[in-house]
Amino acid sequence: MENNKKTTDLEKQQKATPVVKTKSKKSKGTTLAIVALSVLLCLSLVFGITAAFFSAGANATGNITLGDPVNVQITQGGTAVTTLTFTGSAMPGTVYSQPIAVKLPDSTSDAVIRGKLTITNSDTAATNVEAATPATWQKGTDDYYYYKGKMVAGESQDFVTSITVPKSLENADANKTFALSIQIEAIQFANGAAAEVWTTAPSDWVTSYGSGTIA
């Protein structure tokens with residue numbers, strides 16, 4: 001009986017004694033690591049802390065400046081004009097010797113030139129007037145004359161050296177009018193612009209002058 005009682009008392013003590021659970025050291029270490037990482041993350045966000053590596057950078061700037069424009073003038077007797085003037089009443093055999101020229105004014109880029117001379121016999125005179133063009137101009141099949149060379153700023157080249165009224169005209173042609181029109185075009189010499197734009201120019205002229213290099 002006594003033994004049974006002791007056993008019963010022992011069982012009661014064991015049941016009454018609370019079981020205390022302890023956290024493992026591993027769990028504590030993991031928690032501390034998480035806390036430490038969280039703190040570092042917060043600090044990096046606040047203070048901008050980043051990783052450092054070997055690095056470098058470089059910048060460069062520059063400007064491209066365009067050259068002078070291409071400008072051209074028509075001159076008569078050395079003066080720039082937009083209207084050609086022929087003084088007096090022309091008679092058969094009259095020669096107008098004031099040259100009609102092409103000029104590149106100052107501050108103009110190098111250029112090549114072509115021109116067209118149109119003489120209109122609107123009153124149907126028996127014979128048209130005649131204009132003389134120097135040999136330095138080559139006539140193409142497109143009715144343009146092409147200057148055989150490159151022109152530079154300040155340079156002038158005669159396009160028409162003289163205009164002659166034919167001696168063969170008679171009284172029936174009196175008081176009739178001839179209309180003269182001169183059209184001049186200039187384009188930059190550089191980079192073969194004429195070869196690209198003036199597609200009807202004579203091929204030998206293009207090779208020699210319109211390709212951007214002097215052959």
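Some observations on this one:
- Between S156 and T30, full extension at 0.36 nm per residue minus the direct alpha carbon distance yields a gain of 36.0 nm.
- Size of electric dipole in segment 50-154: Cβ of Lys, Arg +1 and of Asp, Glu -1, about Cα centre, debye, nearest 20: 180 debye
- Positive minus negative residues near P166 (Lys, Arg vs Asp, Glu; Cβ under 15 Å): -2
- Restriction of the trypsin sites (Lys or Arg not before Pro) in segment 148-215 to DSSP coil positions whose beta-carbon has at most 14 other beta-carbons within 10 angstrom yields K167, K176.
- Label-point separation, V95 to D143 (7 Å along Cα→Cβ), nm: 2.8 nm
- Length added when fully stretched, N63-T164, from 0.36 nm per residue minus Cα-Cα: 31.0 nm
- Charged-residue dipole, Cβ positions (Lys, Arg, Asp, Glu), segment 106-204 about Cα centre, Debye nearest 20: 120 debye
- A full extension of the chain between L84 and A174 corresponds to an added length of 30.3 nm, given 0.36 nm per residue minus the alpha carbon distance.
- Taking other C-beta atoms within 10 angstrom as a stand-in for reagent exposure, T79, T61 fall in the order T61, T79, fewest first.
Just so you know, all these numbers are worked out from the coordinates, no wet-lab data involved. Keep in mind it's a predicted model, so treat the numbers as computed, not measured. Backbone-built Cβ (ideal geometry, glycine too); neighbour counts: all protein chains shown.
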